[in-house]
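What follows is a single structure, written as structure tokens, with notes after it.
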Amino acid sequence: MLSLFLDLNLLKSQNKFSKKRNLDFERERKLDQLYQLKHQDGGQSQNLLAHFPWSQYPDIHPNQQEALEIIARHQDEGEPIVLELPTGSGKTAIGYTVLKQAASLGKKPLFYIVPTKTLVDQVKSLHPDLTVVYGRNEYSCCYFTDKELTAEEVPCILLGDCPHRVDQETGQTKVEGVTPCPYLLAKYQAKKAEIVVCTMAFYLFTQLYTQEWEKPKVLVIDEAHRIAQVVRNALSFEITDAHIRTAIKLLQGVDFEEASGLEKFLTAMIRIARTKPSRRPTLLEDEEIKELMGTLLQVNLGGLRRKIGEAVERGKIDTAENMETLRRLEKGVYELGRYLKAFEYSLSTDRRQALNYTYGFYNEELDEGRRVQHKLVIKAYYVGPLIKKLLPSSGLTVAYSATISNAEIFGFETGIKGKFYTFSSDFPVGNARIFIPKDTPDLSVSKRGKGEPEGTLRRIAASCKQLSGKGIRSLVVVVSEAERSTFLRLCEKKGVTAISYGNGVPPKKAATKFKDGEGDVLVGTVANYGEGIDLPRSLAPVIFFLRPAYPSPYDPATIFEEKRFRRQRWSLWLWRAMMDALQVRGRNIRSAEDIGVTIFVSQQFRRFVFGSLPKWLEDAYCSDLAFEDCVNEAIKVLGKEKTSLKV
């Protein structure tokens with residue numbers, strides 16, 4: 001059961017107690033002193049150090065030394081090792097060292113997993129000897145030579161005659177001499193590789209659905225605080241009336257009686273969705289979920305899969321003409337069993353509470369150009385036990401992140417519970433400032449005054465103008481799309497060149513434009529720019545974070561958490577807000593050479609920002625200056641230290 005951590009003074013004292021329990025390493029000791037200590041663990045640490053990438057890092061970082069000694073001491077105990085390591089500690093090299101040691105002992109398989117493809121590429125660039133494998137959408141398809149398609153866009157399971165298929169045992173194509181399927185070839189090569197680097201989502205599906213790999217002997221999880229959300233997203237899906245109708249039409253065309261079963265499901269789905277308010281996602285009642293399950297149980301799933309395959313082979317279904325429909329069948333009708341399981345997990349039982357939640361949504365009238373009028377959305381929620389099952393059962397898990405803060409809630413969210421260590425930093429605290437102005441309003445929906453948050457956004461836009469006049473660029477992080485649009489409008493009025501996404505420009509491309517020197521300020525929501533974007537070396541030395549991203553009271557996820565956790569839900573929401581704050585603060589400081597200022601604008605931040613800071617950053621915190629004084633102090637700090645910046 002989660003404990004309440006609403007008193008941040010209590011949280012801070014618990015963090016201090018946690019740090020006292022951790023090993024207190026002497027930061028300045030020399031490497032030869034470390035070697036002497038290694039005899040205490042039977043030489044395990046020496047073995048690890050022998051596999052450290054010395055050619056890339058001739059001087060090992062103190063945190064790397066400490067982490068490797070901890071891992072050496074506990075790697076055979078069967079518990080995950082969770083490390084909270086500050087940015088710039090060289091986390092990737094730690095995981096690489098652990099995996100290379102395991103590889104030297106002949107252990108397989110070995111995985112290094114990260115949240116995104118961008119981070120996969122980053123790990124590969126640091127350590128080219130590792131083998132990368134991506135999801136299907138990153139590889140081209142060889143079957144349809146007249147179309148430029150990815151493997152994700154093609155119903156591969158139904159194309160039994162594809163000559164490009166790569167046998168996962170031999171590596172040979174189905175027809176000798178043809179170009180091998182890039183996706184299947186990459187998977188085959190990864191299975192033969194020493195160490196595999198992939199996304200968390202790819203790893204999830206290899207372990208949960210395809211089961212093509214046995215559980216790893218060693219699993220390294222980078223950015224571990226993100227794994228719960230990645231798994232939730234991967235296991236969540238929606239069922240739309242348009243997709244079901246298309247499947248029914250195709251099945252009727254080849255006289256499949258299963259079409260009538262899908263029609264009953266569609267009828268029930270539309271009727272249930274229509275009982276909910278229009279254009280408002282609304283949780284389904286248990287009886288409604290049971291009714292949907294009952295209609296699906298009437299569909300012969302095994303027979304349907306076999307019949308579709310036979311129809312494709314006999315040419316009754318033209319794969320080229322019906323490719324999109326077949327792909328949806330592959331991902332939709334073929335996964336009706338998954339729907340059933342997901343519906344089942346949305347119901348509470350005598351032994352457990354609901355693990356998923358399901359909501360319905362419909363539009364009274366179809367908007368122009370839209371085909372979807374009714375849909376069901378099934379959201380995975382309590383994924384901790386599932387993630388725990390994905391960890392090595394008799395091997396080693398090393399999970400690390402710069403933002404964990406509270407090991408208990410992290411363990412609840414991720415299922416990764418074990419030995420937890422938090423590390424200090426050699427970052428010069430004088431290079432950072434963390435401000436909460438004393439004269440800004442509380443921007444919570446219940447307390448904000450008339451004209452807010454526009455009034456506060458106007459002040460931020462004026463400050464961005466002031467900063468740009470000094471050659472200082474900014475990142476502005478908001479919560480809602482409405483706030484982003486308002487701020488962009490205000491920047492235009494103030495003559496501030498703001499870069500953001502929209503109108504066909506994705507967030508990543510907008511960030512790249514800003515990194516390349518365009519604009520005075522980069523603007524985005526916390527969902528897009530709260531993490532995963534690095535702006536060091538004066539790219540955006542000042543960050544404004546408007547307000548915490550607490551959940552909307554009308555969101556089905558919020559309602560579900562209120563029902564499931566009652567008062568304890570605030571522990572979870574507060575922890576997530578703390579993670580957001582720590583991640584946003586870290587966007588412009590990625591190494592000891594960087595200098596960065598973060599201004600947490602709303603008074604809501606007073607509740608938890610100081611309590612969430614690691615001990616070594618507490619001296620950077622200031623909460624007794626007015627907003628304009630915070631901006632002036634930022635200019636002073638950045639101007640004084642400008643010669644220290646490495647551009």
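The values are calculated or read from the model by the stated rules, or taken from the named source; none is laboratory data. Since we're looking at a predicted model, the values are computed, not measured. Cβ sites come from the backbone with ideal geometry, for glycine too, and all protein chains shown count toward neighbours.
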Kindly indicate the residue of region 439-450 that is without any contact (Cβ under 8 Å) to a residue 24 or more places away in the chain and either among the basic types (Lys, Arg) or touching a helix residue (DSSP H, G or I) at 6+ places or on another chain (Cβ under 9 Å) (or both) and also surrounded by the fewest Cβ atoms within 10 Å (Cβ to Cβ) among those meeting that condition. Lys450
Filter region 171-203 for residues that are out of contact with any Cys (no Cβ under 6 Å at 6 or more places or on another chain), more than 25 Å from Tyr112 (Cα to Cα) and not acidic (Asp, Glu) and give the result. Gln172, Thr173, Lys174, Val175, Gly177, Val178, Pro180
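If I ask for residues that are in contact with a Leu (Cβ under 7 Å, 6 or more places away or on another chain) and crowded, with 22+ Cβ neighbours inside 10 Å, which ones from region 477-495 would you list? Even if it seems obvious, please write down each step before you answer.
Our first condition is that a residue be in contact with a Leu (Cβ under 7 Å, 6 or more places away or on another chain); within region 477-495, this holds for 477-479, 483, 486-487, 490.
Across region 477-495, the qualifying residues are Val477, Val478, Val479, Phe487.
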Complete set of residues in region 558-609 that are small (Gly, Ala, Ser), touching a Phe, Trp or Tyr at 6+ places or on another chain (Cβ under 7 Å) and more than 23 Å from Lys447 (Cα to Cα): Ala592
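One line per residue, one yes/no per condition, for (1) within 30 Å of Leu105 (Cα to Cα); (2) touching a Gly at 6+ places or on another chain (Cβ under 9 Å); (3) modelled with pLDDT of 85 or more:
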residue	(1), (2), (3)
Lys192	yes, yes, yes
Gln207	yes, no, yes
Leu219	yes, yes, yes
Gly253	no, no, no
Over region 184-212, the set of residues crowded, with 19+ Cβ neighbours inside 10 Å and of a type in the set (Lys, Arg) is Lys187
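Can you tell me which residue within region 86-131, out of those that are among the charged types (D, E, K, R) and in a loop (DSSP other than H, G, I, E, B), is surrounded by the most Cβ atoms within 10 Å (Cβ to Cβ)?
Taking region 86-131 first, the residues among the charged types (D, E, K, R) are 91, 100, 107-108, 117, 121, 124, 129.
Of the ones still in play, those that are also in a loop (DSSP other than H, G, I, E, B) are 107-108, 129.
Values: Lys107: 16, Lys108: 18, Asp129: 12.
The residue in question is Lys108.
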Identify, by number, the condition in (1) within 23 Å of the chain's Cα centre (by Cα); (2) surrounded by 18 or more Cβ atoms within 10 Å (Cβ to Cβ) that Val601 doesn't meet. (1)
Identity of the residue in region 537-584, assigned to a loop (DSSP other than H, G, I, E, B), out of contact with any Asp or Glu (no Cβ under 8 Å at 6 or more places or on another chain) and without any contact (Cβ under 8 Å) to a residue 24 or more places away in the chain, that ends up surrounded by the most Cβ atoms within 10 Å (Cβ to Cβ): Ser552
Can Ile436 be described as crowded, with 19+ Cβ neighbours inside 10 Å and either over 25 Å from the mean Cα position of the chain (by Cα) or over 30 Å from Gln75 (Cβ atoms) (or both)? yes
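Restricting the search to region 64-85, which residues are over 20 Å from Leu582 (Cα atoms) and not in a helix (DSSP H, G or I)? Give the steps one after another, and end with the answer.
Step one: list which residues in region 64-85 are over 20 Å from Leu582 (Cα atoms), which gives 64-81.
Result: Gln75, Asp76, Glu77, Gly78, Glu79, Pro80, Ile81.
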Mind checking which pairs have a first residue in region 185-209 that is not assigned by TED's automatic domain parsing to the domain that holds Cys142 and a second that is among the aliphatic types (A, V, I, L, M) and in a helix (DSSP H, G or I), Cβ under 6 Å, 6 or more apart or different chains? none
Which of the residues spanning region 568-606 are among the acidic types (Asp, Glu), modelled with pLDDT under 90 and within 18 Å of Asn406 (Cβ to Cβ)? none
Failed item in (1) hydroxyl-bearing (Ser, Thr, Tyr); (2) farther than 30 Å from Thr97 by Cα; (3) loosely packed, with under 15 Cβ neighbours inside 10 Å; (4) under 34 Å from the mean Cα position of the chain (by Cα), with Thr240 passing the rest: (3)
